[in-house]
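**Q** The structure follows.
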Amino acid sequence: MIRPVARFVGCSSLIGLLALAGASVTAGNTDNVAVDPLVVTEPVVQVWGARTRGAKGIFGVHSWIAVKPAGESEYTVYEVIGWRLRWADTAVVVRNRRPNHWFGAEGELYAEKRGPGVDSLIGRIDQAAREYPYAKTYTVWPGPNSNTFTAWIARAVPELEVDLPATAIGKDYIGADMVSTAPSGKGFQFSLRGLFGVAASAVDGLELNILSLNFGVSASGIKLPIVGRIGTPRLSGAVAIEEPVTP
């Protein structure tokens, strides 16, 4: 049983490497450019990802959430950085930084919301980040890691409609639970410690997870291990939320 699984994983990795060499169609997507915080005054929420450093970057990305409330000139970024646990009691980092880069790597925009009602989403994102249950734990594979954190936020704020790529390893980790919503917060997911499972929703499409290698298809394109996605994330920039009536 072990030998067929190993052969399958090896073949999948080879396919991914070949596709990455010849079909990295989203890496230079010029449409996915961060909103200039010095120009835009409306509230903005963005979900980004970029290849991690070193050999890990062959297989996976690091993802994060950037927010800018109305009238602010800087983005606040919410993310998990595992090596912070060497000297801090939490891997969750909340800081002001450029929203579209990660240690020199150009980011890819996975989701964006802006305009009236987004300030309320920002408040919910902040609350969810502070309630993240794995803040004191970090495991590169199969999780919990930075992508587990992003999926946690996305599940708490499904209005973001985040369709994470197959390379967001850790997004399927839901702890001891086996059933949840899909990483976007929509639909459903069955997962065994992030190693095996299936997910389906109108946002995530249909995904099969085998040893954290994700295969699937969604409105954003085809999802493959190592490659991530063949296609472009569909970004819906507006969000309609009822604002409280001021007496």
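**Q** Being touching a helix residue (DSSP H, G or I) at 6+ places or on another chain (Cβ under 6 Å) and at pLDDT 50 or above narrows it down to one of Ser73, Ser63, so name that one.
**A** From the options Ser73, Ser63, the qualifying one is Ser63.
**Q** Related question: Do we have any residue at all in region 21-42 that's part of a loop (DSSP other than H, G, I, E, B), at pLDDT 95 or above and buried (at least 19 other Cβ atoms within 10 Å of the Cβ)?
**A** no
**Q** What pairs come up if the first residue lies in region 134-153 and is of a type in the set (Ser, Thr, Tyr), the second is in a helix (DSSP H, G or I) and open to solvent by 10 Å² or more (accessible area, probe 1.4 Å), and their beta carbons are under 6 Å apart, counting only those six or more places apart or on different chains?
**A** Tyr138/Gly82; Tyr138/Leu85
**Q** Separate question: Could you list all residues from region 162-190 that are over 12 Å from the mean Cα position of the chain (by Cα), crowded, with 24+ Cβ neighbours inside 10 Å and among the hydroxyl-bearing types (Ser, Thr, Tyr)?
**A** The one that is over 12 Å from the mean Cα position of the chain (by Cα), crowded, with 24+ Cβ neighbours inside 10 Å and among the hydroxyl-bearing types (Ser, Thr, Tyr): Tyr173.
**Q** To continue, here is another question. Any residue that is open to solvent by less than 50 Å² (accessible area, probe 1.4 Å), farther than 22 Å from Leu211 by Cα and at pLDDT 95 or above - is there at least one of those in region 134-153?
**A** Yes, region 134-153 contains at least one residue that is open to solvent by less than 50 Å² (accessible area, probe 1.4 Å), farther than 22 Å from Leu211 by Cα and at pLDDT 95 or above.
The values are calculated or read from the model by the stated rules, or taken from the named source; none is laboratory data. None of these values were measured; they are calculated from a predicted model. Positions of Cβ are generated from backbone atoms using ideal geometry, with glycine treated the same way; all protein chains shown enter the neighbour counts. Heads up: the accessible areas ignore ligands, DNA and RNA and are worked out on the full protein's heavy atoms, side chains in. Shrake-Rupley method; radii C 1.70, N 1.55, O 1.52, S 1.80 Å.
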